[in-house]
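Student: My questions all concern the structure below.
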Amino acid sequence: MKFPRASGILLHPTSLPGEFGIGDLGPQAFKFVDFLAEAKQAYWQILPLGPTGWGDSPYASFSAFAGNTLLISPEKLIEAGLLDSDFPQLRTTASSDRVEHAKRAGESEKVDYGAVYESKNLMLRSAFEEWRETDRNGFESFTSEHGGWLEDYALYRAIKASQNQKPWFEWDDALKLRDENALDGARRNLSEEILAEKFYQFLFFKQWSEVKEYANTKGVKIVGDVPIFVALDSADVWRHREQFKLNPDGSPKVVSGVPPDYFSKTGQLWGNPIYDWEAMRAGGFWWWIERVRSTLKAVDILRIDHFRGFAGAWEIPGGNPTAEHGEWVDAPGKELFTTLQNTFGELPFWVEDLGFVTPDVEALRDEFEFPGMRILQFAFGGDARNEALPHNYTRNCIVYTGTHDNDTVLGWWDSQAADSDARKFCEKYLGRCDGEMNWEMIRAAWASVADTAVAPLQDILGRGNEARMNFPSSTSGNWQWRFRERDLTEEVAAKLKELTEIYARDKRV
């Protein structure tokens, strides 16, 4: 699929401002869309929207289909009559007096996920109890439309709660291995919790669809994110063990990751189970068809994470402590994307073709004309042939100043020694580093021949290392950054709009 010359901003909804401890799908989401429209941005790129667990990573979700209920807006619940405005937990999501003071002063704070889980769960339960006494308008049609994944997801979450949140592979064998009698008993005993989980998903998708519809009316498309792998502790793996390389007891034979690279000397041990591609092929890739169908209802464009995994995956024996010892195993990407193309027609995909990219990965990308990614922070090693340098781009690509896995531009710049080769080469290449480096990099991206240019909001706002979203291979302190409402000034919008117009990226898509 061809994409017009345009630009956008990368920001996960959890990073939106607001007084409830975490960004959500309430008024601030609509205000951010207004900012994008004012600055003539065509895309709002987000991270995966799935429900998160330990580590809070949107790339380790309990479901490839469900939504993250932490994003449900209390203000929307109040508007719908499902929550009282004086509900005691509404504004008690901070973990200390210092944070409360900062919030009252309007300062940005990192998300305290533990506190947010507690307060949001109380709010959602209260909304559920209120909803049970009212008209269930729209709920039945929602459960019917999403029944293919919703029934098993709600059962999985209800059982998980009854098991003190233990992962499914630590449940008793009857539940772990889905004995039908045990499942029937769970459905009877946990019927209330199952209904509640369905209701929470109903709320999420209702609120999200309102945000997406508003964005589309403003000429802004939502770019979603599809992680190639799913979490071992997920409804997907529990329900469809035959689609993954697992041992009879549910433990993984092999797990995902990447070998040593730029980010880590020992590689990245992600730990996700690997697909049994032979089983998927035999089933006509139905699971992938349903996953893409579901996601395309929620977003306009899909960013396919770790695209090289569709040509071959780095398989690490289960139980290995690092990702150093594994092997590349081929994957049937061509067959899969042909099947998806035959099902959906043109595929609105962007692909993350970073890391250990071999000719077969490039061939797969180019055969389907998927635009790949170029990261400016990777450009300045001194080699003029580096494909991350703008003069080496093709039109059919997406240039980023950085991603959620990178430092911010200013954080990256400050980490370079004043006399480092990278800094010297960057200064020579850009030719004008006497201003704000974040805007110099944004200008370089926007001026490039790439059809699409994207910058994280942190770079638009000129934030440093303190605003970094994720440190790959680390397990804590990530996904927490939030901006302040007052940060989105008219001056910032005007500056971004000016660059967007100068470099002809101001067309609606």
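Student: Calculate the FRET efficiency for residue 363 and residue 161 from the Cβ-Cβ distance with a Förster distance of 60 Å, rounded to the nearest 0.05.
Tutor: On the way: r = 46 Å, r/R0 = 0.77.
Computed FRET efficiency for residue 363 and residue 161: 0.85.
Student: Only four residue types carry charge here, +1 at the Cβ of Lys and Arg and -1 at the Cβ of Asp and Glu. Report the dipole size of region 381-509 about the Cα centre in Debye, rounded to the nearest 20. Working shown, then result.
Tutor: Working: 17 positive and 21 negative charges, 66 e Å.
With Lys and Arg at +1 and Asp and Glu at -1, about 320 debye.
Student: Please give the FRET efficiency for residue 343 paired with residue 418, using the beta carbon to beta carbon distance and R0 = 60 Å, rounded to the nearest 0.05. Intermediate results must be reported in sequence, preceding the final value.
Tutor: Working: r = 54 Å, r/R0 = 0.90.
Given R0 = 60 Å and the Cβ-Cβ separation, E is 0.65.
Student: If you don't mind, there's one more thing I want to ask. How large is the accessible surface of residue 357 in square angstrom, using a 1.4 angstrom probe and rounding to the nearest 10?
Tutor: It works out to around 50 Å².
Student: Follow-up. At 20 °C and 1.002 mPa s, what whole-number value in µm²/s does Stokes-Einstein give for the translational diffusion of region 253-408, with Rh from the Kirkwood sum over Cα pairs? Mind showing how you got there, number by number?
Tutor: Numbers: Rh = 16.9 Å.
Answer from the Stokes-Einstein relation: 127 µm²/s.
Student: For the chain, with only Lys/Arg (+1) and Asp/Glu (-1) charged at the beta-carbon, what is the dipole magnitude about the Cα centre, in debye rounded to 20?
Tutor: Values: 57 positive and 79 negative charges, 166 e Å.
With Lys and Arg at +1 and Asp and Glu at -1, about 800 debye.
Student: State the percent of C-alpha pairs, over all pairs in region 1-88, separated by a distance greater than 16 angstrom. Walk me through the numbers before you get to the answer.
Tutor: Numbers: 2396 of 3828 pairs.
For region 1-88, the fraction of Cα-Cα distances above 16 Å is 63 percent.
Student: Counting Lys +1, Arg +1, Asp -1, Glu -1, what net charge surrounds residue 257 among other residues with beta carbon under 12 Å of its beta carbon? Don't jump to the answer; show the numbers that get you there.
Tutor: Numbers: positive: none; negative: 261, 315, 324, 327.
Counting the neighbours of residue 257, the net charge comes to -4.
Student: Suppose R0 equals 35 Å. What FRET efficiency, 1/(1 + (r/R0)^6) with r the Cβ-Cβ distance, do residue 429 and residue 334 give to the nearest 0.05? Intermediate values should be presented prior to the final figure.
Tutor: Details: r = 37 Å, r/R0 = 1.05.
With a Förster radius of 35 Å, E is 0.45.
Student: Please give the charge dipole size of region 312-388, origin at the Cα centre, charges +1 on K and R Cβ atoms and -1 on D and E Cβ atoms. Round to the nearest 20 debye.
Tutor: Numbers: 4 positive and 15 negative charges, 43 e Å.
In debye, rounded to 20, region 312-388 gives about 200.
Student: How large is log10 I(q)/I(0) at q = 0.13, 0.18, 0.21 Å⁻¹ when the Debye formula is applied to the Cα atoms of region 139-229, each weighted equally and without solvent?
Tutor: Result of the Debye calculation: -0.57, -0.90, -1.06.
Student: Counting only other residues whose beta carbon sits under 13 Å from that of residue 473, what net charge do I get with K and R as +1, D and E as -1? List each step's numbers first, then the result.
Tutor: Working: positive: 265; negative: 261, 324, 405.
For residues surrounding residue 473, the net value is -2.
Student: Whole percent per 10 Å bin, from 0 to the bin with the longest distance: what is P(r) over all C-alpha pairs of region 389-491?
Tutor: Bin by bin from 0 Å, the calculated values are 14, 41, 35, 10.
Student: Now for a different question. Give me D for region 278-360 in µm² s⁻¹, whole number, from Stokes-Einstein with Rh from the Kirkwood sum over alpha-carbon pairs, 4 °C and 1.567 mPa s.
Tutor: 90 µm²/s
Student: Convert each backbone phi in region 255-262 into a coupling constant with the Karplus relation 6.51 cos²θ - 1.76 cosθ + 1.60 (shift: θ = phi - 60°), then list the ³J(HN,Hα) values in order as whole Hz, x for Gly and Pro.
Tutor: Result, rounded to whole Hz: 10, 8, x, 9, x, x, 8, 3.
Student: Over all distinct Cα pairs, what is the inverse of the mean 1/r for region 178-222, reported as the Kirkwood hydrodynamic radius in Å? Don't skip to the end; give the middle numbers.
Tutor: Details: mean 1/r = 0.0775 Å⁻¹.
When all Cα pairs of region 178-222 are included, the Kirkwood radius is 12.9 Å.
Student: When only alpha-carbon atoms count, how far does region 184-314 stretch along each of its three principal axes, as whole angstroms with the largest first?
Tutor: Its Cα atoms span 47, 43, 32 Å along the three principal axes.
Student: Among the DSSP beta bridges whose two residues both lie in the chain, what percent are antiparallel, rounded to the nearest 5?
Tutor: Working: 13 of 38 bridges.
The antiparallel fraction comes to roughly 35 percent.
Student: Among 424/495; 40/218; 160/297; 110/297; 31/495, which pairs are too far apart, with a Cα-Cα distance over 20 Å? Display every interim value, and only then the final one.
Tutor: Working: 424/495 27 Å; 40/218 10 Å; 160/297 27 Å; 110/297 30 Å; 31/495 18 Å.
The pairs that break the limit, which is 20 Å between Cα atoms, are 424/495; 160/297; 110/297.
Student: So what's region 320-359 giving for Rg/Rh, alpha carbon basis, Kirkwood Rh from the mean inverse pair distance? Numbers along the way, then the final one.
Tutor: On the way: Rg = 14.5 Å, Rh = 13.1 Å.
Ratio of gyration radius to Kirkwood radius for region 320-359: 1.11.
Student: What residues of region 328-370 lie in the reach of a label at residue 449, counting those whose backbone N is under 19 Å from a point 7 Å from the Cα along Cα→Cβ?
Tutor: 366-367, 369-370
Student: Let me ask another. So for each of 472-485, 13-26, 170-183 I average, over its residues, the number of other beta carbons within 10 Å; can you give me the resulting order with the highest mean first? Mind dumping the intermediate values first?
Tutor: Working: 472-485: 16.0, 13-26: 23.0, 170-183: 14.1.
The peptides rank, most packed first, as 13-26, 472-485, 170-183.
Student: Another question about this same structure. For the chain, just run the numbers: alpha carbon Rg, then divide by 2.2 N^0.38 Å, N being how many residues it has. The partial results should precede the final answer.
Tutor: Numbers: Rg = 22.8 Å, N = 509, 2.2 N^0.38 = 23.5 Å.
Computed over Cα atoms of the chain, the ratio equals 0.97.
Student: For residue 79 and residue 384, calculate 0.36 nm times their separation in residues minus their Cα-Cα distance, and state this gained length in nm to one decimal. Working shown, then result.
Tutor: Values: separation 305, 0.36 × 305 = 109.80 nm, distance 5.63 nm.
Length gained, residue 79 through residue 384: 104.2 nm.
Student: Rank 320, 347, 274 by how far each Cα sits towards the positive end of the charge dipole of the chain (+1 on Lys, Arg Cβ; -1 on Asp, Glu Cβ) and give me just the farthest.
Tutor: Ranked along the dipole, the leading option is 347.
Student: Considering the options 183, 235, 295, tell which one lies farthest towards the positive end of the dipole of the chain, charges being +1 on Lys and Arg and -1 on Asp and Glu at the Cβ, about the Cα centre.
Tutor: Final value for the positive-end residue is 295.
The values are calculated or read from the model by the stated rules, or taken from the named source; none is laboratory data. Note that the structure is predicted; figures quoted are calculated from it, not measured. Every residue, glycine among them, receives a Cβ derived from its backbone with ideal geometry; neighbour counts consider all protein chains shown. Just the protein is used for accessible areas: all its heavy atoms, side chains included, with ligands, DNA and RNA removed. Shrake-Rupley method; radii C 1.70, N 1.55, O 1.52, S 1.80 Å.
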